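Take a look at the structure set out below.
Each reported figure results from applying straightforward, stated rules to the coordinates on display, with no laboratory input. Remember, it's a predicted structure, so these values are computed and weren't measured experimentally. Note that each Cβ is placed from the backbone with ideal geometry, even for glycine, and that neighbours are counted across all protein chains shown.
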Amino acid sequence: MEEPFNEQESLQLIREMIDNAKARLEAGSFFYLLWGWLVLAATLIHFSLLYTRFAYPYLVWPVIMVVGLAGTFYGIRKSKRKAKAKTYLATSIGFLWGGFSVMLFILLFTAMKGNIHWAVFNILIIALYGLCIFVSGGIIRFKPLIWGGIASWVIAVASLFIAPQYTFLSIALSIVVSYLIPGYLLRNKENASNHV
Amino acid sequence: MFKELDPLLHSQLRLSIMSLLISLESAEFSYLLEQTRASKGNLSIQLNKLKEAGYISIRKSFRNNYPLTTCKITPKGVKAFENYVETLSEYINKKKP
């Protein structure tokens, strides 16, 4: 049943199989686009409401969170069904963003307690998701995400020099450059690799 | 003197399975079937041989009422694979003029 094969063929086979396993691009664009559009919408609504008489502009966030979490669970469920194989990369990225969620709630709690100003919270969040985008880009070796992460850091630092209410516009800008643009580029890459 | 290549790994299908599993955290039976292009029967036999040697672990469960077989390389399997590659490179280096 088994055909004999020599050392060169053996090495060739190992290379081929490892390449096949590595070729599975982690489908992440769905999550970047989902959260990108949701956070962009929430930020712009919150910013607009600052100029109205509405007393609770921040109420847009819990709504966005619930929609985002539902979408995230749906996306994870769908990709698990489709995946057939689990990679270390996907697990690492999952841990990274899981950790980000915990940090988000710690900072949110700190800001709600009044220990930090909301503008500082906004800036720290921009820098924090910048870090996650940067590392995710490094893990899947996708440059637009790496650059997106760096752009978010630059925006975070620049936001230290603007009026507090405009930090919402900083979030909007950083979401476009670090979530939406890389998200669409990643989706194009995923579609291209699925049709080869 | 050359070390002998692990006969359990020096087989096309078993080496393919191990090379895939070394790069992944776990893989389903259907994924291995797709990648190795082996027959279901042959793949099952070779997976069991690797399992008996302690090179991989096999978990059987259900998804949507269908049986689901998931394979994972063990630390012993990783060591065996590393040894195999090391021996292989010794052979190849020795053969170079």
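Looking only at segment A:158-196, count how many residues are assigned to a helix (DSSP H, G or I) and either β-branched (V, I, T) or at positive phi (or both). Before you say what the answer is, go through the steps one by one.
Quick first cut of segment A:158-196, residues assigned to a helix (DSSP H, G or I) only: A:158-161, A:164-194.
Filter once more, so that each one left must be either β-branched (V, I, T) or at positive phi (or both): A:167, A:171, A:175-177, A:181.
Summing the residues that are assigned to a helix (DSSP H, G or I) and either β-branched (V, I, T) or at positive phi (or both) in segment A:158-196 gives 6.
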Search segment B:48-77 for residues that are in a loop (DSSP other than H, G, I, E, B) and pair each with any residue that is surrounded by 11 or more Cβ atoms within 10 Å (Cβ to Cβ) and polar (S, T, N, Q) when their beta-carbon atoms are under 8 Å apart and the residues are at least 6 apart or on different chains. B:G54/B:T74; B:Y55/B:T74; B:T74/B:S57
Of the residues A:I155, A:I150, A:I146, only one is within 15 Å of A:T43 (Cβ to Cβ) and not in a loop (DSSP other than H, G, I, E, B); which? A:I155
Answer yes or no: is there a residue in segment B:44-60 that is within 12 Å of chain A (Cβ to nearest Cβ), β-branched (V, I, T) and surrounded by fewer than 20 Cβ atoms within 10 Å (Cβ to Cβ). yes
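Table: residues versus (1) among the aliphatic types (A, V, I, L, M); (2) assigned to a helix (DSSP H, G or I); (3) out of contact with any Phe, Trp or Tyr (no Cβ under 7 Å at 6 or more places or on another chain).
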{"position": "A:A55", "(1), (2), (3)": "yes, no, yes"}
{"position": "A:V63", "(1), (2), (3)": "yes, yes, yes"}
{"position": "A:G71", "(1), (2), (3)": "no, yes, yes"}
{"position": "A:N115", "(1), (2), (3)": "no, no, yes"}
{"position": "A:F134", "(1), (2), (3)": "no, yes, yes"}
Being surrounded by fewer than 19 Cβ atoms within 10 Å (Cβ to Cβ), outside any helix (DSSP H, G or I), more than 8 Å from every other protein chain (Cβ to nearest Cβ) and without any contact (Cβ under 8 Å) to a residue 60 or more places away in the chain is the requirement here; does B:K3 meet it? no
